Amino acid sequence: MTERKKLVKNLDKAFGDFIKARDNYTCVLCGSKERIQCGHLFTRASYSTRWNELNAHAQCASCNMRHEYDFFPFQNWFVKKFSQQNYEDLYFQHKQVVKYKDWELLDLIDYYKEKLKIKISKGKQR
């Protein structure tokens, strides 16, 4: 595996861990707490929204897999929660080409690790 791929993998892990914690390890669609993953409204193939917090939400493995074949439930949930305008803005952003430099990926890894620490520490204070 190349160094670049390792950076992307590490960022995916840090980002996904934060998203799952942010959503209290609960599927936003069905409420399950089993096999929680970081699901993306728009595909991870697009770096322009791959690590965008509005594009990513906790999903159980079943809902995340179902999204591959039936986009509507996740899209409908998103529009009801965040608005049609946010959906359209995110779609537009998703279509943009973005290329990150290695140092930017490293900064994002640190950023999401820190956000996760803060989220966890706030949860322990309750």
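Taking the criterion of being surrounded by 12 or more Cβ atoms within 10 Å (Cβ to Cβ) and either over 16 Å from Cys38 (Cα atoms) or modelled with pLDDT under 95 (or both), the residues of region 77-95 that qualify are Val79, Phe82, Asn86, Tyr87, Asp89, Leu90, Tyr91, Gln93, His94. The residues of region 1-27 that are surrounded by fewer than 17 Cβ atoms within 10 Å (Cβ to Cβ) and outside any loop (DSSP other than H, G, I, E, B), listed by number, are Glu3, Arg4, Lys5, Lys6, Lys9, Asn10, Asp12, Lys13, Arg22. Within region 96-126, the residues that satisfy the criterion of being of a type in the set (D, E, K, R), out of contact with any helix residue (DSSP H, G or I) (no Cβ under 7 Å at 6 or more places or on another chain) and either surrounded by 11 or more Cβ atoms within 10 Å (Cβ to Cβ) or under 15 Å from Ala56 (Cβ atoms) (or both) are Glu104, Asp107, Asp110, Glu114, Lys117.
I'd like to check something: does region 82-93 contain any residue that is hydrophobic (A, V, I, L, M, F, W, C) and touching a strand residue (DSSP E or B) at 6+ places or on another chain (Cβ under 9 Å)? Scanning region 82-93, I find no residue that is hydrophobic (A, V, I, L, M, F, W, C) and touching a strand residue (DSSP E or B) at 6+ places or on another chain (Cβ under 9 Å), so the answer is no. Out of region 28-57, which residues are part of a helix (DSSP H, G or I) and among the basic types (Lys, Arg)? Of everything in region 28-57, just one residue is part of a helix (DSSP H, G or I) and among the basic types (Lys, Arg), namely Arg50.
Phe74 meets the conditions (1) crowded, with 20+ Cβ neighbours inside 10 Å; (2) touching a Cys at 6+ places or on another chain (Cβ under 6 Å) in every case but one. The failed one is (2).
The values are calculated or read from the model by the stated rules, or taken from the named source; none is laboratory data. Keep in mind that what you see is a predicted model, and the values were worked out from it rather than measured. Positions of Cβ are generated from backbone atoms using ideal geometry, with glycine treated the same way; all protein chains shown enter the neighbour counts.
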